1. Evaluate E = 1/(1 + (r/R0)^6) for N133 and V168, where r is the Cβ-Cβ distance and R0 equals 25 Å; express this FRET efficiency to the nearest 0.05.
2. What dipole magnitude, in Debye to the nearest 20, does segment 169-233 give about its Cα centre under +1 on Lys/Arg Cβ and -1 on Asp/Glu Cβ?
3. Count charges around M95 for me, please; just the other residues with Cβ under 14 Å from its Cβ, Lys/Arg as +1, Asp/Glu as -1.
4. First select every other residue whose beta carbon is under 12 angstrom from the beta carbon of M73; then total the charges, Lys and Arg +1, Asp and Glu -1.
5. In the chain, if the dipole is taken from +1 on Lys/Arg beta carbons and -1 on Asp/Glu beta carbons about the Cα centre, which of L60, M35, V155 is farthest to the positive end?
6. Quantify, in whole percent, the carbon and sulfur part of the accessible surface of segment 4-231 (1.4 Å probe; protein heavy atoms only).
7. Report, in debye and to the nearest 20, how large the dipole of the chain comes out about its Cα centre when Lys and Arg carry +1 and Asp and Glu carry -1 on their Cβ.
8. With a 1.4 Å probe and all protein chains left in place, how much accessible area per residue does the chain have, in Å²?
Amino acid sequence: MSKDVIIACDFKSKDEVFNFLDLFTEEKPFIKIGMELYYSEGPDIVREIKKRGHKIFLDLKLNDIPNTVEKSMSVLANLDVDICNLHASGGIKMMEAAIHGLTREDGSRPMLIAVTQLTSISEEVMQNELLINKPLDQVVMKYAENAKIAGLDGVVCSPLEARKVKDVCGENFITVTPGVRFSDGDAGDQARVTTPAQAKEIGSDYIVLGRPITQAENPVEAYKRCVREFLGE
Ligand code: C5P
């Protein structure tokens, strides 16, 4: 299974993202495009970054009725992204429909991963606002299992949950983990963080870092350091 470092390109415009990508003259990092950039620039931003030779994780977190998700996923498959995602809270039928929509005529498809519970949702909010009266970690594992049953490739989770997800869903079930910081870096608004080396130890397949790379004095050096620590290269 391939492992990689994904840079969250949380920029608001095409100019900003291209100024950033222009810094990388040798490497072609795996890039995450989120809602802000996608909604401001549209699908062309995906095509243009792809044309530059980057792999793309399109982080749009779909959640709707199965028919709508299926049709939307077929549009994303035509955009030739490498990873896309949805909310597992949409249910198994919705996730199965998503896989169906993503699968191209030749049988190939981008990887599809699920968001279980957002890390911004606390157990208290989940129980008192969403009326889900179970422990948060049990809900996360149940949603991961549902994703596996529906045929998805993995989940987005904290590196601290990655081991348990693999114990429950199997070693080949992919974990994509944000919340990664350098040992000497600032955690910012991420509450539970691990270093790239710890994420490697725990068994994350892909780590996602934004600000520790995009806001670094030397983003290329920060990226290379991350690759060294995570992949041991
Ligand atoms: O800048 P930072 O490294 O915190 O960026 C992490 C990226 O991962 C952001 O794009 C953020 O939206 C995303 N993310 C996250 N936690 C989740 C899901 C996604 O930080 N649970």
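The values are calculated or read from the model by the stated rules, or taken from the named source; none is laboratory data. This is a predicted model, so every value here is computed, not measured. Ideal geometry is used to build each Cβ from the backbone, glycine not excepted, and the neighbour counts take in all protein chains shown. These accessible areas exclude ligands, DNA and RNA; they are computed on the full protein's heavy atoms, side chains included. Shrake-Rupley method; radii C 1.70, N 1.55, O 1.52, S 1.80 Å.
1. FRET efficiency, N133 to V168: 0.75.
2. Approximately 40 debye in magnitude.
3. On the way: positive: K61, K93, R109, K142, K148; negative: D64, E70, E96, E145, D153.
Counting the neighbours of M95, the net charge comes to 0.
4. Details: positive: K71, R104, R109; negative: D64, E70, E96.
Summing Lys and Arg as +1 and Asp and Glu as -1 gives 0.
5. Value computed over the given set: V155.
6. 48
7. Details: 28 positive and 37 negative charges, 82 e Å.
Around 400 debye, computed over the chain.
8. Details: 11430 Å² over 233 residues.
I get 49 Å² per residue for the chain.
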